[in-house]
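Input: a single structure, listed below in structure tokens.
The values are calculated or read from the model by the stated rules, or taken from the named source; none is laboratory data. This structure is a prediction, so every number in the text was calculated from the model and none was measured. A quick note on method: Cβ atoms are made from the backbone with ideal geometry, for glycine too, and the neighbour counts reach across all protein chains shown. All accessible areas refer to the heavy atoms of the entire protein, side chains included, with ligands and DNA or RNA removed. Shrake-Rupley method; radii C 1.70, N 1.55, O 1.52, S 1.80 Å.
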Amino acid sequence: MSNDTLNIAFIGLGNMGGPMAQNLVSAGHKVTVFDLAPAAVAALVDVGAASADSALEASNNADCVISMLPAGKHVAGVYLGEGGLLNSLAAGTVVIDSSTIDAETAREVGAAAAAKGVHMIDAPVSGGVAAAQAGTLSFMCGGSAEAFQKALPILQGMGKNIFHAGDAGAGQVAKMCNNMLLSVIMIGTSEALQLGLKGGLDPSTLSDIMQASTGRNWTLELYNPCPGVMDTAPASNDYKPGFMVDLMCKDLHLAIGNAEQVNASTPLGRMAKQLFDAHAAEGNGQKDFSSIFTTLE
Ligand code: NAD
């Protein structure tokens with residue numbers, strides 16, 4: 001498949017899917033959209049997409065189907081079973097599921113696609129709503145090399161860093177590894193900054209010291225959790241997301257569930273999950289995940 005104008009069906013037009021679909025319209029593709037929420041469909045029609053009354057109708061004659069849905073059960077519901085898309089898609093169709101879901105469901109749907117000659121990849125993203133809008137998402141992909149190559153030009157219309165992590169499900173595993181690590185780094189950085197504050201240090205000075213030393217990491221560089229240290233970070237904007245605590249909890253749930261299945265030892269990941277779950281239960285689910293800093297005071 002070339003990067004010429006394609007017929008693309010886009011299913012799931014929420015915070016992420018909406019701007020991703022919009023970027024594909026801007027790239028010149030013919031995009032037909034479906035979402036259970038009519039307002040989400042209307043917003044895309046306003047910027048040049050065509051609408052459909054069902055996922056099945058949207059994917060009629062599609063060269064490529066893209067989905068951006070909440071969880072594994074939604075992805076299985078759209079693709080599998082009698083009314084599922086895989087029952088009707090032509091062999092050779094490219095399918096990209098960018099939802100963050102469990103690796104098991106991704107493998108199950110990937111296998112069903114392969115059995116039909118459909119080129120499917122799981123392609124969860126990193127970067128959040130701002131990157132979805134800017135077309136700079138990172139994609140971590142799982143599937144055959146052939147499916148990945150066919151999907152690549154389409155992914156390039158929505159993202160910047162695009163990785164082939166391995167076979168079906170590998171994209172989901174890569175994503176949960178990254179986000180589990182991010183949660184641990186955020187908690188560790190928050191602890192260190194709180195310890196410094198209690199010791200009388202200025203958090204900006206301490207951040208500069210750690211950023212130039214062996215504690216250096218992404219949160220210190222771009223996403224400092226202490227209010228006032230970094231103007232552009234959610235911490236300096238009342239912890240408005242950014243990346244919501246609820247979504248971090250979801251990703252940690254997927255990571256720890258997967259760790260149990262494959263018998264991987266993840267003591268820090270488990271502790272991070274406990275801390276983020278407790279933080280969400282105290283009414284902070286809609287805040288940015290760096291607000292975990294406030295629980296460590
Ligand atoms: P969202 O809840 O804003 O959007 C999901 C959309 O899917 C909704 O509009 C909903 O109506 C639609 N939907 C649900 N079931 C459907 C079905 N059967 N058919 C058609 N539409 C259906 O979620 P989001 O923030 O856009 O996230 C989507 C996915 O991306 C999730 O898996 C999430 O974990 C992942 N993700 C989100 C972010 C983020 O910052 N929001 C970042 C990275 C990854």
Condition test on PRO225, is it modelled with pLDDT under 95 and either outside any helix (DSSP H, G or I) or touching a Cys at 6+ places or on another chain (Cβ under 7 Å) (or both)? no
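Which residue out of ALA103, ALA76, ALA134 is of a type outside the set (Ser, Thr, Tyr) and closer than 25 Å to ASP53 by Cβ? Give the steps one after another, and end with the answer.
Working: ALA103 fails: closer than 25 Å to ASP53 by Cβ; ALA134 fails: closer than 25 Å to ASP53 by Cβ.
Matching residue, one of ALA103, ALA76, ALA134: ALA76.
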Note on region 10-43: residues within 19 Å of the chain's Cα centre (by Cα), closer than 20 Å to PHE139 by Cα and not in a helix (DSSP H, G or I) are PHE10, ILE11, GLY12, LEU13, GLY14, ASN15, MET16
Could you give every pair whose Cβ atoms fall below 6 Å, whose first residue belongs to region 25-43 and is at pLDDT 95 or above, and whose second residue is among the acidic types (Asp, Glu) and within 13 Å of the ligand (Cβ to nearest atom), counting only separations of at least 6 or pairs across chains? VAL41/ASP35
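Looking at ALA168, ALA131, ALA151, ALA174, which is the one that is more than 16 Å from the ligand (Cβ to nearest atom), in a helix (DSSP H, G or I) and among the small types (Gly, Ala, Ser)?
Working: ALA168 fails: in a helix (DSSP H, G or I); ALA131 fails: more than 16 Å from the ligand (Cβ to nearest atom); ALA174 fails: more than 16 Å from the ligand (Cβ to nearest atom).
Among ALA168, ALA131, ALA151, ALA174, only ALA151 is more than 16 Å from the ligand (Cβ to nearest atom), in a helix (DSSP H, G or I) and among the small types (Gly, Ala, Ser).
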Hey, among SER67, SER54, which residue is within 12 Å of the ligand (Cβ to nearest atom), surrounded by 21 or more Cβ atoms within 10 Å (Cβ to Cβ) and modelled with pLDDT of 95 or more? SER67
Between a first residue in region 47-75 that is assigned to a loop (DSSP other than H, G, I, E, B) and a second residue that is of a type in the set (Phe, Trp, Tyr), which pairs have beta carbons less than 8 Å apart while being 6 or more apart in sequence or on different chains? ALA49/PHE10; ALA52/PHE34; ASP53/PHE34; SER54/PHE34; MET68/PHE10
Hey, can you tell me all the residues within region 185-217 that are open to solvent by 80 Å² or more (accessible area, probe 1.4 Å), without any contact (Cβ under 8 Å) to a residue 60 or more places away in the chain and assigned to a helix (DSSP H, G or I)? LEU195, LYS198, ASP208, ILE209
Any idea how many residues of region 93-102 are in contact with a strand residue (DSSP E or B) (Cβ under 7 Å, 6 or more places away or on another chain) and either at pLDDT below 95 or assigned to a loop (DSSP other than H, G, I, E, B) (or both)? 3
Counting only residues that are open to solvent by 10 Å² or more (accessible area, probe 1.4 Å) and closer than 19 Å to LEU13 by Cβ, how many does region 73-119 have? 5
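May I ask you to verify whether ALA114 is in contact (Cβ under 8 Å) with a residue 24 or more places away in the chain, in a loop (DSSP other than H, G, I, E, B) and out of contact with any helix residue (DSSP H, G or I) (no Cβ under 8 Å at 6 or more places or on another chain)?
Details: in contact (Cβ under 8 Å) with a residue 24 or more places away in the chain: yes; in a loop (DSSP other than H, G, I, E, B): no; out of contact with any helix residue (DSSP H, G or I) (no Cβ under 8 Å at 6 or more places or on another chain): yes.
Spelling it out, it is not the case that ALA114 is in contact (Cβ under 8 Å) with a residue 24 or more places away in the chain, in a loop (DSSP other than H, G, I, E, B) and out of contact with any helix residue (DSSP H, G or I) (no Cβ under 8 Å at 6 or more places or on another chain).
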Please tell me if GLY285 is of a type outside the set (Ser, Thr, Tyr) and modelled with pLDDT under 95. no
